[in-house]
Amino acid sequence: MRILITGGAGFLGSHLCERLLKEGHEVICLDNFFTGRKKNVVHLLKNPDFELVRHDVTNPFHFEVDQIYNLACPASPPHYQHNPIKTTKTSFLGAMHSLGLAKRVGARVFQASTSEVYGDPEVHPQPETYKGCVNPIGIRSCYDEGKRVAETLFFDYHRQHGTEIRVVRIFNTYGPNMLPDDGRVVSNFIVQALQGKDLTIYGDGTQTRSFCYVDDLIEGFVRLMNHPTLQGPVNIGNPGEFTMLQLAEMVLKKVGGPSKITFHPLPGDDPKQRRPDITLASKELGWQPQVTLEQGLEPTIEYFRKLVKG
Ligand code: NAD
Ligand code: UDP
């Protein structure tokens, strides 16, 4: 198949490019390089099945493809809050242009949605049927509401035009190819520990997240995209739940060095807890995460160690 990946030079996109090329597909990687890097995919350029296109998904695009994975959108809070209006535009227009293209060329289209559609959840763990508790006007809203309206567009294109859609709700994922200054918690803690700097916990560190290793996530993506009927939304994430204090202690133990834990103000609307209910993915896709946080931190630390050493 010929497959378009928007946001293909980012963290998740670069792993997906590799995976799909390995399966023998042609891959078009489209990116505006806001948070993605050519470095993530440059080694793929020698593969004749790979093409890299600089383009912004807020403008329409056209390619003759069989499948579209729409991943374009900054995912880390500091990056998506840097230009929040652009973030909402990227989510909405990126989804609209991906769906418009899918409709024109008859492609199946996949949306990288997020656990953020559940906001600061009152239901725990979160099943796909939970409708969420999202602040429409807070500092995370550009991302959360952008992703929610993108899901709406996906389901309306399906209902109105019969477009073949797949929607995944991704829970916090980590691994190699994250930016060292990405701002997300796993990369922050590892880079801080490797540099001997103090680890920055926001709030009291009792808030929880569930961390999925990137290889597990990409396996879930491909299974959902190629499922004959399941449209989603489907939660993909690792149900192992950790406080930020536990994560900080685990990173310190693995990296060693003189770093200590320090406490800083909690950003607005920061969800207090998050854990996926993965019953649907497990039943319909036969998908279960294989890599524990302890295991996944090892290759992630090694990746950052090389970067930090320069
Ligand atoms: P990332 O920031 O590394 O990748 C996003 C990519 O999209 C980057 O390459 C960036 O340059 C590109 N991009 C941003 N705006 C664009 C635009 N207007 N036009 C074209 N390209 C644009 O983040 P990621 O972690 O790889 O996330 C990929 C997708 O998965 C995002 O849609 C994100 O919302 C979603 N997601 C990720 C996580 C996670 O934990 N990694 C969790 C939930 C959802
Ligand atoms: N966080 C933290 N220190 C950091 C970065 C993040 O304590 O240096 C916290 C953040 O406040 C949140 C959790 O870690 O409670 C996960 O943050 P991240 O930005 O990785 O993802 P998200 O909040 O979008 O789930």
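The values are calculated or read from the model by the stated rules, or taken from the named source; none is laboratory data. Note that the structure is a prediction, hence the values are computed from the model and not measured. For neighbour counting, all protein chains shown are included, and Cβ atoms are generated from backbone atoms with ideal geometry for every residue, glycine included. With ligands, DNA and RNA removed, areas are computed over all heavy atoms of the protein, side chains included. Shrake-Rupley method; radii C 1.70, N 1.55, O 1.52, S 1.80 Å.
Observations
- The single condition among (1) open to solvent by 70 Å² or more (accessible area, probe 1.4 Å); (2) under 18 Å from Ser115 (Cβ atoms) that Asn226 does not satisfy is (2).
- In the range 107-126, the residues that are more than 19 Å from the chain's Cα centre (by Cα) and within 23 Å of Gly13 (Cβ to Cβ): Ala107, Arg108
- Residue that is nearest to Arg275 (Cα to Cα), among those in the range 178-218 that are within 16 Å of ligand 1 (Cβ to nearest atom) and among the polar types (S, T, N, Q): Ser210
- Summed over the range 70-104, the residues that are within 13 Å of ligand 2 (Cβ to nearest atom) and either of a type in the set (A, V, I, L, M) or out of contact with any Phe, Trp or Tyr (no Cβ under 6 Å at 6 or more places or on another chain) (or both) give a count of 7.
- Single residue of the range 20-39 satisfying the filter (under 17 Å from Met178 (Cα atoms) and among the basic types (Lys, Arg)) that is surrounded by the most Cβ atoms within 10 Å (Cβ to Cβ): Arg37
- Options Thr152, Thr129, Thr163; residue that is hydroxyl-bearing (Ser, Thr, Tyr) and within 25 Å of Gly10 (Cα to Cα): Thr152
- Counted residues, the range 152-186 - those being more than 14 Å from the chain's Cα centre (by Cα), over 20 Å from Thr129 (Cβ atoms) and among the hydroxyl-bearing types (Ser, Thr, Tyr): 2
- For the range 48-69, filtered to residues that are of a type in the set (S, T, N, Q) and open to solvent by less than 50 Å² (accessible area, probe 1.4 Å), the residue that is nearest to ligand 2 (Cβ to nearest atom) is Thr58.
- Failed condition for Phe171, given (1) farther than 30 Å from Val308 by Cα; (2) touching a Lys or Arg at 6+ places or on another chain (Cβ under 7 Å); (3) of a type outside the set (Ser, Thr, Tyr): (1)
- Residues that are touching a His at 6+ places or on another chain (Cβ under 8 Å) and either of a type in the set (A, V, I, L, M, F, W, C) or at pLDDT below 95 (or both), drawn from the range 1-55: Met1, Ile3, Leu30, Phe34
- Among residues of the range 241-281, those that are surrounded by fewer than 14 Cβ atoms within 10 Å (Cβ to Cβ) and under 23 Å from Arg223 (Cβ atoms), counted: 1
- Listed conditions (1) away from ligand 2 (no atom under 15 Å from the Cβ); (2) assigned to a loop (DSSP other than H, G, I, E, B); (3) over 15 Å from the mean Cα position of the chain (by Cα) are all met by Val149, apart from (2).
- Considering the range 184-203, and only residues there that are within 10 Å of ligand 2 (Cβ to nearest atom) and surrounded by fewer than 18 Cβ atoms within 10 Å (Cβ to Cβ), the residue that is nearest to Arg305 (Cα to Cα) turns out to be Thr200.
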